[in-house]
Every structure is written in structure tokens, then in C-alpha cells.
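The values are calculated or read from the model by the stated rules, or taken from the named source; none is laboratory data. None of the values given here were measured: they were computed from a predicted structure. Cβ atoms come from the backbone with ideal geometry, glycine included; neighbour counts cover every protein chain shown.
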Amino acid sequence: MSMSDIDWGDAPTWIAAVFAGGAAWFAGMTLRSQRRQLREQQQFIGEQSQNLRLERAALEAAAEDRRTAQARRVIMRVRNGRSTVAGDDAPEGTDYWQVDVWNATDGPLRDVSVRFGDAYIATSAVEMGSDQVPGGGRRSIPIDMVAPNREVRFESPQLSETTVHNNRPVVSFADADGHRWVLDEYGALAPEQNQASQ
């Protein structure tokens, strides 16, 4: 077959088809490469999102630790007493709670009070180690401020043994940042309910 026997009219179509096939192959390879890059980017974004979630959780935990640091260092000790001598307002044999609240922190506690169940509040408060000051260290309740490393003793009203047993003591206070807390005799610390709902 000679050059004159080739149908040149089909050659441009043939060349165009070859170029079109090459272009389609190139587009397919580009699309495959882009899909691979997209999968790698999605994987990278997923890893970064996981890292950000972990970092955020760590930051939130650190912030919560800072927020509760002072409140966790408040110490509450309780003792159940029994009146052995009849008085004007306390018949012999009645029971009462004695609650010592120690601010073992570097900052003041504010608005400190002790309640017993839902019905009773402390009837007296005395700052420990203040017997040389006027009033023997007696404080009004709630106590406006308990200084760092100071201790206050609260007492419940004189009640029957059953009533005392059924009305467990809880101390309520605000930390130096103004967050309100409640602490029970077992050391369980929680945000005060009326503040938590705000």
C-alpha cells in the first residue's frame, strides 16, 4: 500500500480520536489523583478535628480544675453532740450538730453558712482561736468572710436524736471568684443549685 492509497480524510479524525483518548486518559488520571488527595485531606482534617477535640477537653478540664481548686480545699468536720445539762432552750438529752469549717486555702470564703437538712440553720458560729477578741469570736450567720487558714465552728439548734440524725449538715459558701458551692459531711462538693440553674 502506498501513501496515495491512504484515505487522508480519515487521518485527521483518527488523530483527533487519539488526542481525545489521551485527553480522557489524562482527565481520568487527574480525577483519580484528586480523589486520592481529597481522601488524604479528609483523613488529615479528621485527625486534626480529633486533636482539637482532645485539646478542648484538656482545656475544659484544666479550667474546671482551676474553677474548683479553692472549693476543693475547704474542709468540713462534723460531730454529733448530746446535751447532758438541761438549759432554758435545750432539754437534757437533746442532740445537736457541731460543724467545723476550715478555710485551708489562700483566698477568702464569703457568705458562709451551715444548714441542717431543709428546715434548720446554724444557731451560732464562733471563729476558732479568736477567744481573746470581743465577743469571744462569735460571728453572725451567714459569715461575711472567713479569712484564709481560719476555722469557724457552727452549731445546730438542740433537737431530738431522730431529728438530728435525719437532718445532715451541709456548708454553703462562695469562693474568692464568687462561685457558690455546697459541701456535705462526706466531702462531696457541688455547685449550689440556685446558681447552677442560672
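Please verify whether region 108-127 includes one or more residues that are acidic (D, E), out of contact with any His (no Cβ under 6 Å at 6 or more places or on another chain), on the phi < 0 side of the Ramachandran plot and in a loop (DSSP other than H, G, I, E, B). Explain how you work it out, then say what you get.
The first filter runs over region 108-127 and keeps only residues acidic (D, E), leaving 111, 118, 127.
Filter once more, so that each one left must be out of contact with any His (no Cβ under 6 Å at 6 or more places or on another chain): 111, 118, 127.
Filter again for on the phi < 0 side of the Ramachandran plot, leaving 118, 127.
Subset that is in a loop (DSSP other than H, G, I, E, B): 118.
Yes; the residues of region 108-127 include at least one that is acidic (D, E), out of contact with any His (no Cβ under 6 Å at 6 or more places or on another chain), on the phi < 0 side of the Ramachandran plot and in a loop (DSSP other than H, G, I, E, B).
Checking R77 against (1) modelled with pLDDT of 90 or more; (2) of a type in the set (D, E, K, R); (3) under 35 Å from the mean Cα position of the chain (by Cα); (4) over 30 Å from V99 (Cβ atoms), which single condition isn't satisfied?
(4)
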